[in-house]
Structures are given as structure tokens and as C-alpha cells.
Amino acid sequence: MRRYRVAFICTKNAFRSQIAEGFAKALAPDIIEPLSGGSEPAAHVDRLAVEVMSEVGVDVSSARPKSLPDEALGSLDLIVHMGCGPAKTCLNFPGVPSEDWGIPDPTGGIELARTVRDTIKGKVELLAARLRSGRVVAEPEFKLEL
């Protein structure tokens, strides 16, 4: 089966995108070749990310925040923005499909960090299922226009 190169992107590459990359490596190594990066990488991965991931048996303690060069972005099948905020500062590359998961930056302590972790896990599982069915681009959300 083909593996899809997917980059998980957030501003600092210190929490959300690191968690998504960790889950992709742990839960979908057959279908996702994951990367992560940020537009303004932090100095280190957030300690809460390491802690909440260790609670579910995924080790991200050796991960390091980084940016992704254009060569890496250009070789992707999909860019997943974790939530860019109002400034829309996330990395993009022309011709590479992208989607925004709209996950908030967890700044409210351990319980919020766990909620964000669990949300990301579910989204990675859905992405893996979609890719296994051969669909890279998500179906547009149905909106009823009245």
C-alpha cells in the first residue's frame, strides 16, 4: 500500500503538530509518512505534550521543533494545519492540498492538554482511514443554505 507524506503544521511545532506526528507514527505507519513543522519553531517541545503522550504510550520526548524547507513541503501529499489562528501564519506550498483541523493551542493546563491530545488522536485515525480508502482531500462539509 502506498504511504502518503503528510506534514502536520502549527506555529511553534511544540505541542499540537508534535502530537499529531507522534500519533501518525504510532497508529498509521502503514499509510502515513509523517513530518511536523512550524512557521516560528519553539526552542523545545512543550513538557505537557511529552507528559500527555507518555500517558498513552507514545514517546515524543526526543522530538525537536523545526521549520520545514520548501523542498520538504513540495514533496508532500497533504499539509494539515493544526489551527493557524487569525493571522493564518501556517506554512503552505503551491499545489499541495491542505486542510485546517482548527485545534486550539492548549494553554489551560493538563486537562485541556489531554482533551487536545484525544481530539488529535481521533483526527489522525480519521485521516488514516481516509487515506487507506485512497482519498487525500477531505470531503467538503455540508452546509445547509437557507
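The values are calculated or read from the model by the stated rules, or taken from the named source; none is laboratory data. On a predicted model such as this, the values are computed, not experimentally measured, just so you know. Every residue, glycine among them, receives a Cβ derived from its backbone with ideal geometry; neighbour counts consider all protein chains shown. Only protein heavy atoms, including side chains, enter the accessible area calculation; ligands, DNA and RNA are left aside. Shrake-Rupley method; radii C 1.70, N 1.55, O 1.52, S 1.80 Å.
Quick rundown of the values:
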quantity	calculated
Distance in nm between pseudo-label sites at ARG114 and ARG135 (7 Å out along the Cβ direction from Cα)	3.3
With every protein chain in place, the range 22-110: carbon and sulfur % of accessible area (1.4 Å)	54
Computed FRET value (nearest 0.05) for SER62 with ARG2, which takes r as the C-beta separation and R₀ as 25 Å	0.35
Among (1) 14.6, 51; (2) 18.5, 56; (3) 14.2, 44, the entry derived from the coordinates for Rg and Dmax of the Cα atoms in Å	(1)
Whole-number accessible area per residue in Å² for the range 1-125, which is evaluated in the context of all protein chains at 1.4 Å	46
Relative packing of 10-17, 96-103, which averages over residues the other C-beta atoms within 10 Å, highest first	10-17, 96-103
Pairwise FRET efficiency - ASP70 versus ALA43, Cβ, R0 = 22 Å, nearest 0.05	0.40
Under 14 Å, Cβ to Cβ, from PRO29 - net charge with Lys/Arg +1 and Asp/Glu -1	+1
Distance in nm between pseudo-label sites at ASP30 and GLU51 (7 Å out along the Cβ direction from Cα)	3.5
Inter-part distance where the range 51-82 and the range 21-40 are each reduced to a Cα centre, Å	5
